[in-house]
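These notes concern the structure reproduced below.
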Amino acid sequence: MYEVDPGGTAMDEGITMGMAEVEKNAGAGKLSQVVVLTDGETSGEQSCRRLAVEAAKKQIRFTVIGVGTEWNANLLKDLAKQAEGRWHYNRRR
């Protein structure tokens, strides 16, 4: 088990950094993909949603993977849909 900050994370900051890295190498014929591995507990939920919309406009797709026993399914599904990507869930027992 890992210690987890109960206040959540700044998921929007991670997504922003990921998108910036992808954009450095974006171009015709290249796949632009950001993988988001999270429980979806974040302090920047609305920012994440805005970033997903922005990603779709830039043709950057999200693959969002929910982890843990409790995760914010609504947010993760919305991000994948808005960024024209996919979502998955991995629950370990």
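The values are calculated or read from the model by the stated rules, or taken from the named source; none is laboratory data. Worth saying up front: this structure is predicted, and the values here are computed from it rather than measured. Positions of Cβ are generated from backbone atoms using ideal geometry, with glycine treated the same way; all protein chains shown enter the neighbour counts. The area values use the complete protein model at the heavy-atom level, side chains included, leaving out ligands, DNA and RNA. Shrake-Rupley method; radii C 1.70, N 1.55, O 1.52, S 1.80 Å.
Quick one: what pairs do we get from segment 66-91, first residue more than 23 Å from L31 (Cα to Cα), second open to solvent by less than 30 Å² (accessible area, probe 1.4 Å) and part of a strand (DSSP E or B), C-beta under 8 Å, 6+ apart or different chains?
From residues that are more than 23 Å from L31 (Cα to Cα), the pairs are V67/T38; W71/T38; N72/T42; N72/G66; A73/G66; L75/T42; N90/G66.
Kindly list the number of the only condition in (1) open to solvent by 80 Å² or more (accessible area, probe 1.4 Å); (2) at pLDDT 95 or above that fails for P6.
All conditions pass for P6, except number (2).
For a quick check of your reading of the model, give me the residue pairs whose first member lies in segment 12-41 and is closer than 16 Å to E54 by Cβ, whose second is open to solvent by 50 Å² or more (accessible area, probe 1.4 Å) and modelled with pLDDT under 95, with beta-carbon atoms closer than 6 Å and at least 6 apart or on different chains.
S32/A26; S32/Q59; Q33/R61
Kindly evaluate A56 against the criterion of being small (G, A, S), in contact with a Ser or Thr (Cβ under 8 Å, 6 or more places away or on another chain) and modelled with pLDDT of 90 or more. If you could, list the steps in order and put the result at the bottom.
Values: small (G, A, S): yes; in contact with a Ser or Thr (Cβ under 8 Å, 6 or more places away or on another chain): no; modelled with pLDDT of 90 or more: yes.
In short, no.
Which count do you get for residues in segment 61-76 that are modelled with pLDDT of 85 or more, over 10 Å from G40 (Cα atoms) and not aromatic (F, W, Y)?
Within segment 61-76, residues that are modelled with pLDDT of 85 or more, over 10 Å from G40 (Cα atoms) and not aromatic (F, W, Y) number 2.
Report yes if some residue within segment 30-53 is among the basic types (K, R), at pLDDT 95 or above and open to solvent by 90 Å² or more (accessible area, probe 1.4 Å); otherwise report no.
yes
For segment 61-93, what are the residues that are open to solvent by less than 50 Å² (accessible area, probe 1.4 Å) and within 11 Å of the chain's Cα centre (by Cα)?
F62, T63, V64, I65, G66, L75, L76, L79, A80, A83, G85
Scanning for something of a type in the set (S, T, N, Q) and assigned to a helix (DSSP H, G or I), does segment 46-64 turn up at least one residue?
Yes, there is a match, as at least one residue in segment 46-64 is of a type in the set (S, T, N, Q) and assigned to a helix (DSSP H, G or I).
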